[in-house]
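None of the figures in this text is laboratory data; all of them are computed from the coordinates on show. Bear in mind that the values here come from a model prediction, so they are computed numbers and not experimental data. Note that we place each Cβ from the backbone using ideal geometry, even for glycine, and neighbour counts take in every protein chain shown.
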């Protein structure tokens, strides 16, 4: 009896342990599952809070893309609309351009563009203070600010042309740098600004500003400056080129002809062809004005008299090839 009783007593003891183990196991699994769900829910909440965190007061999701590009609209000059309140826009202009909030800076830059387009005279007295702040934005590492400042520069050239020639040095280097950098959309905007500069600024005033950059240590800056120089010279006209000094211009072009970058060399080639045309046009002789030695008035003799033998040979090679191509084409 005692053995059977012990067996009877052992059975519930074993089952209780098994049941207890089963309960504990299910509790552990349930607790672990609940803990994982809590962690996942907490992570989701943290992620949603990060996405919904406002950037500069704008409720835009942080998608990993530069938010500035989605917040700033690049408005072409032809699509700009007038400011609502001219007086208020002028009053807030300098503070906006100097703001630490880059979105406000872009808004102020666009207001500069609007004012220069619709209220040119109202802003002319502020240009001395406005242009250094535009240059500050040109140096800004944020692409949205930089590109808006470049577009502003183009509109300033268009509106004020020679009125800003004294402040041009501040802008010119930055535009040459931006036009030669790797970011394509910034580079293209800077190219358009430089074209606007060479279109609207008087060449007689612009060429001396460009000349120092033709010898810059940075080959890309030299190339961009060469292209600007090449575009500006023809705007002088025949008389203007002769007055500026065709001998000096041919020496500048000959130097650029041996530059490292093809852009510089191509600009020099175009300039030399322009100078050759001007020289030959200004040395057309009538029967009553033929010089004693016509050979001394030729383009070849002119190049040899103004350039070193090596440079003269390079210039004559370029211009003769172009002439032969023209003859064959006709």
- Cut-off 12 Å, label 7 Å out along Cα→Cβ of residue 177, residues of region 92-108 by amide N: none
- Item | Approximate spin-label separation residue 142-residue 261, in nm, with each point projected 7 Å along Cα-to-Cβ | 2.9
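Using Cβ counts within 10 Å as a stand-in for footprinting exposure, how do 118, 302, 157 rank, fewest first?
118, 302, 157
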- Message: Between region 93-147 and region 227-271, how far is it from one alpha carbon centroid to the other, in angstrom?
- Response: 33
- If N is the residue count of region 84-221, its Cα Rg over 2.2 N^0.38 Å rounds to 1.01
- Task: Along Cα→Cβ, 7 Å out, is where each label goes; now give me the distance between the ones at residue 277 and residue 301 in nm to one decimal.
- Result: 2.5
- Item | Stretch gain in nm, segment residue 215-residue 95, where the contour uses 0.36 nm per residue and the Cα spacing is subtracted | 39.5 nm
- Message: If I model a spin label as a point 7 Å beyond the Cα along the Cα-Cβ vector, how far apart are those points for residue 310 and residue 192 in nm?
- Response: 4.2
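For a footprinting-style exposure proxy, rank 152, 199 by other Cβ within 10 Å, fewest first.
Numbers: 152 28, 199 14.
Arranged by neighbour count, lowest to highest, 152, 199 become 199, 152.
Going by how many other beta carbons lie within 10 Å of each one, how would you line up 171, 248, fewest first? Please report the intermediate quantities before stating the final value.
Values: 171 23, 248 11.
So the residues, fewest neighbours to most, are 248, 171.
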